[in-house]
């Protein structure tokens with residue numbers, strides 16, 4: 001018998017021993033970061049960067065495959081007991097000796113996860129991880145000249161690049177409201193002192209929002225540079241237009257952070273993505289009835305919110321709990337009770 | 001049987017007001033639900049797993065009597081925790097709000113021969129929606145017993161103290177049979193129904209896995225302790241079965257609990273639904289440990305009012321609920337475990353005989369319904 005066959009038999013036997021649980025349920029008690037476990041990480045330190053940003057040092061589990069500079073990772077954090085998933089750029093270099101990785105998080109107003117990570121996260125906490133992803137990365141062959149154009153927390157993926165790969169000629173234009181809002185300011189200035197970086201800080205509280213036409217003055221040879229830009233939509237839209245108008249759109253690489261904003265309202269267009277049906281729903285009809293009305297086979301039970309027989313993934317949009325008025329927005333892993341939920345804006349139900 | 005409707009003094013407006021007050025209690029808990037509650041269920045789950053692991057480990061040496069006793073006791077408690085505080089409550093969706101796919105009503109499987117999804121249908125959907133409605137709620141005597149005067153007597157019921165005893169010993173199989181509605185489905189025509197066959201197959205698979213684990217694999221792993229380990233697991237299952245049967249009997253069978261006729265729930269309002277849950281359930285009083293070991297089903301009344309609130313909150317909710325019972329002059333049925341178990345058994349024994357002829361001025365509020373006895377368990 002081959003060793004794989006042996007191992008799978010041994011695993012089968014273990015499963016019989018632990019039934020109805022899985023062996024991993026017991027192994028997780030002892031070693032949640034072991035190879036073969038669901039991918040998790042442990043927060044080992046939280047370093048403040050600015051008044052509202054902090055770097056989180058994470059030791060990923062043994063299954064971590066590593067990342068490419070500029071990529072982001074989705075992390076699942078329990079905030080007030082509820083697991084929430086968010087994506088953050090990795091700010092650590094890819095060759096960090098101790099195997100840790102870092103993300104740098106800026107607390108956004110009313111941001112549940114960002115505020116939790118910046119202000120309340122404690123070393124020792126386990127978080128859930130996905131493998132790193134994203135194509136906002138550096139090319140294999142080094143470009144001669146590089147421009148990094150960033151604003152606010154848009155600096156985070158670029159910092160991952162700066163720390164990972166040295167170029168002969170790098171210029172950075174970074175926007176932040178005030179000097180003390182510039183994340184990684186000291187490190188950036190050290191790079192400047194070592195002549196590894198030319199930096200222009202735009203302080204929007206005093207200078208106003210960066211007018212993209214000013215690039216000619218700030219970085220005269222910008223059109224010759226391979227450019228990576230990350231920041232708010234306004235800046236990126238302006239950059240895209242600017243680069244296109246000058247006939248060099250292929251030099252511009254951008255990363256858009258903010259996911260599409262969920263529009264909440266009273267009722268909306270409901271899509272049942274598995275069956276491909278779309279119908280208009282008002283804000284008072286349970287989605288179970290909406291689905292059945294559209295001829296979708298919906299799981300159902302008591303129809304009064306007590307039996308949990310109708311729970312179904314909410315893929316996109318928002319719904320309102322008809323009993324409490326509470327709004328639930330789509331996030332990975334969010335399941336809703338269709339019998340007591342109504343559309344609160346356009347939404348997508350997996351059925 | 002109740003000669004007088006104990007809710008007759010309430011006006012329709014009062015009943016709706018009661019409903020609003022209960023909704024407010026529920027909303028308060030939901031608004032406050034958070035990190036502490038999540039930490040609680042995680043702690044209970046890891047404690048259960050650790051206890052089970054250690055007990056199974058000790059049982060490897062169960063050829064030595066002290067190891068047998070210790071391992072059997074530990075495994076019994078672990079199995080009770082798995083079924084009651086953890087399994088029952090997770091399968092009610094009490095912890096779905098955490099969005100942890102591992103502690104979720106759609107993914108949880110328990111150490112029990114009834115597959116979780118089948119139990120969820122018969123328990124969450126049928127029993128909790130139609131609590132104590134004769135002919136709709138099979139929990140009323142599990143379809144094999146007569147537990148209210150308004151249920152029709154049949155000579156079959158003479159044996160119900162014995163059925164109940166056997167059901168207690170093999171409760172998990174009783175539940176599996178109950179979830180399959182075996183009594184109804186074993187006739188020739190229904191037996192062939194593909195949907196029933198698929199469900200029966202799933203139960204068969206689950207039983208096979210459970211039996212293989214408890215009565216073959218673990219004893220074999222124990223080597224020379226094969227027989228003691230086998231006996232230990234059997235004992236642990238028996239203890240768990242008798243315990244959960246007793247607790248569950250106390251939920252709806254003790255004296256003072258009301259039953260309802262089928263037509264009384266037509267067009268039931270939210271307030272009326274709440275009132276039915278209040279009058280159809282009974283609590284068990286006792287220590288914190290007692291509440292924990294019953295999976296907080298000792299707070300059966302609160303559980304029936306709010307089946308999806310986290311179980312660790314029932315104790316605090318009970319104070320407010322009890323105050324409402326007093327405010328609306330309703331009878332909050334509760335008592336210590338021995339008293340409630342005795343009361344429930346007394347009812348089972350008493351109703352194994354036909355009703356005593358009633359006095360002329362005493363008329364049942366609920367007319368007797370024609371109903372065939374069903375054998376679903378054992």
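Computed from the coordinates by the stated procedures, all read-outs in this text should not be read as laboratory data. Quick caveat, the model's predicted, so the values are computed rather than measured. Neighbour counts are summed over all protein chains in view; Cβ atoms, including those assigned to glycine, are modelled from backbone coordinates with ideal geometry.
In table form, for the structure just shown:
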{"item": "Region B:139-223 - percent relative contact order, Cα under 8 Å, separation 6 or more", "result": "15 percent"}
{"item": "In degrees, nearest ten, helix B:226-252 long axis to first principal axis of chain B (Cα)", "result": "10 degrees"}
{"item": "Inter-label distance for residue B:262 and residue A:119, nm, one decimal - labels placed 7 Å from Cα along Cα-to-Cβ", "result": "5.8 nm"}
{"item": "Region B:19-166: relative contact order as a whole-number percent, Cα under 8 Å and 6+ apart", "result": "11 percent"}
{"item": "14 Å reach of a label modelled at residue A:221, 7 Å along Cα-to-Cβ, counting backbone N of region A:149-181", "result": "A:168-172"}
{"item": "Inter-label distance, nm, simple model (7 Å from Cα along the C-beta direction), residue B:201/residue B:39", "result": "4.7 nm"}
{"item": "Two-decimal ratio, the protein assembly as shown, of alpha-carbon radius of gyration to 2.2 N^0.38 Å", "result": "1.16"}
{"item": "Residue A:199/residue A:165 FRET efficiency (R0 25 Å; Cβ-Cβ; nearest 0.05)", "result": "0.90"}
{"item": "Relative exposure of B:61, B:260, B:165, judged by other C-beta atoms within 10 Å (fewest first)", "result": "B:165, B:61, B:260"}
{"item": "Angle in degrees between helix A:3-18 and the longest Cα principal axis of chain A, rounded to the nearest 10", "result": "60 degrees"}
{"item": "Taking chain A and dividing mean pair separation by its residue count, relative contact order in percent (alpha carbons under 8 Å, at least six apart)", "result": "12 percent"}
{"item": "Order of A:174, A:128, A:253 under a 10 Å beta carbon neighbour criterion, fewest first", "result": "A:253, A:128, A:174"}
{"item": "Modelled FRET efficiency - R0 22 Å, residue A:206 with residue A:108, Cβ distances, 0.05 increments", "result": "0.50"}
{"item": "Order of A:49, B:261 under a 10 Å beta carbon neighbour criterion, fewest first", "result": "B:261, A:49"}
{"item": "Part-to-part distance (alpha-carbon centres) for region A:148-216 and region B:13-31, which is given in Å", "result": "56 Å"}
{"item": "Computed helical MRE - 222 nm, the protein assembly as shown, DSSP H runs ≥ 4 contributing -39500 (n - 2.57), nearest 500", "result": "-11000 deg cm²/dmol"}
{"item": "Segments A:7-15, B:153-161, B:308-316, B:76-84 sorted - mean Cβ within 10 Å per residue, highest first", "result": "B:76-84, B:308-316, B:153-161, A:7-15"}
{"item": "25 °C / 0.890 mPa s Stokes-Einstein diffusion coefficient of region B:94-165, Kirkwood radius on C-alpha pairs, µm²/s", "result": "169 µm²/s"}
{"item": "In degrees, nearest ten, helix B:314-327 long axis to first principal axis of chain B (Cα)", "result": "10 degrees"}
{"item": "Distance from region A:279-341 to region A:1-79 (C-alpha centre basis), Å", "result": "32 Å"}
{"item": "FRET efficiency estimate (nearest 0.05) - Cβ-Cβ, residue B:190 to residue B:162, R0 25 angstrom", "result": "0.40"}
